[in-house]
Amino acid sequence: RGHSGGVLVLLRQRDLASIDRAKRDLDKRLSAAGFNVAGVTSKRDTRYGFDQHLLMLYVLLIIIGVLIGCVGGLGFATTMSLNVLERRGELAILRAIGATPAMIAGTLAAEAALIAVMSWAVAAVTAVPLGRAIGTFLTGLVLKTPFEFRFATSGLLLWLVASFALGILAAVVPAWSTARRAA
């Protein structure tokens, strides 16, 4: 009882050197006692393996998110291009009364940025409850454990910047070429 208590205390240590020493000591003692030891693992080792498997899932979800963002960006760029093409007459009138291509492109970029920020706001409001619901469902289904939900505001801010930049880019390119042609 006394000696195994020392091993338990050592196993409760948090520093890696103590844990590795305890694993080696346990392996030697069990082998010396005649047990066929396949391996000794710590909670940290198990957690590392689990995290590595989840890392693949995280990467897959990020790739899917980027692909969805690209498809959405292409759809937005197409919509803005059609918007510019439908407004060619209006843009030509603006050019005729003295608007420069940069002014026209700036106006259309501001419209696109506003649309992008509004779409980001709708996505931001729905992301938290939807993420929590999907996470709870999947972890309950697959892992049979409670789900600790954490929302990364840095990702939300990154998506705001990406939406804003994509909105401006989606409008400036067709607006600039149309404004130059309307001259």
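The values are calculated or read from the model by the stated rules, or taken from the named source; none is laboratory data. As the structure is a computational prediction, the values presented were derived from the model and not from experiment. Quick reminder, even Gly has a Cβ in these numbers, built from the backbone with ideal geometry, and neighbours come from all protein chains shown. Accessible surface areas use protein heavy atoms only, side chains included; no ligands, DNA or RNA. Shrake-Rupley method; radii C 1.70, N 1.55, O 1.52, S 1.80 Å.
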Query - Most mobile listed residue (ALA113, ALA33, ALA102) in the chain, GNM with C-alpha springs under 10 Å - result: ALA33
Query raised in the report: In degrees between 0 and 90, to the nearest 10, how far off the longest principal axis of the chain does helix 43-86 point, with axes built from Cα atoms?
Result: 10 degrees
Query raised in the report: Using a Gaussian network model of the chain with C-alpha springs under 10 Å, which one of LEU91, LEU158, LEU169 is most mobile by mean-square fluctuation?
Result: LEU158
Query - Degrees separating the helix 101-138 axis from the principal Cα axis of the chain, which is the longest one - result: 30 degrees
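Where in the chain lies the longest segment free of chymotrypsin sites (Phe, Trp or Tyr not before Pro) that are both loop residues by DSSP (not H, G, I, E, B) and have at most 16 other Cβ atoms within 10 Å?
36-146
Under unit Cβ charges (Lys, Arg +1; Asp, Glu -1), what dipole magnitude, rounded to 20 debye, does the chain have relative to its Cα centre?
Details: 19 positive and 10 negative charges, 133 e Å.
Here the size comes out at about 640 debye.
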Query - Sites matching trypsin sites (Lys or Arg not before Pro) across segment 91-183 that sit in DSSP coil, with at most 10 neighbouring C-beta atoms within 10 Å - result: LYS144, ARG150
Report task. Could you work out which residue, out of ILE68, ILE104, ILE134, moves most in a Gaussian network model of the chain, that is, has the largest mean-square fluctuation with Cα springs under 10 Å? Result -> ILE134
Report task. Report the full-extension gain for the segment VAL125 to VAL173: residue separation times 0.36 nm, less the Cα-Cα distance, to one decimal in nm. Result -> 14.3 nm
Report task. May I ask you to derive the relative contact order of the chain, considering only C-alpha pairs under 8 Å and at least 6 residues apart, and to give it as an integer percent? Result -> 30 percent
Query raised in the report: What's the angle, to the nearest 10 degrees (0 to 90), between helix 16-32's Cα axis and the longest principal axis of the chain?
Result: 40 degrees
Requested in this report: Select one label from (i) 95, 30, 23; (ii) 48, 39, 31; (iii) 49, 33, 30: the one whose number is Cα extents along the principal axes in Å as derived from the coordinates shown.
Outcome: (i)
Query raised in the report: Given only helices, namely DSSP H runs of n ≥ 4 each adding -39500 (n - 2.57), what is the per-residue ellipticity at 222 nm of the chain, to the nearest 500 deg cm²/dmol?
Result: -28500 deg cm²/dmol
Report task. Quick one: pull the percentage of alpha-carbon pairs in segment 23-82 with a separation above 13 Å. Result -> 74 percent
Query raised in the report: Ignoring ligands, DNA and RNA, what percent of the 1.4 Å accessible area of segment 138-178 is carbon and sulfur?
Result: 78 percent
Query raised in the report: Rounded to the nearest 20 Debye, what is the dipole magnitude of segment 84-183 about its Cα centre when Lys and Arg each give +1 and Asp and Glu each give -1 at the C-beta?
Result: 140 debye
Report task. Mind checking the per residue accessible area of segment 90-167 for me, 1.4 Å probe, whole number of Å²? Result -> 66 Å²
Query - Dipole of the chain, positive direction: furthest Cα of LEU91, LEU166, THR145, with charges on the beta-carbon - result: THR145
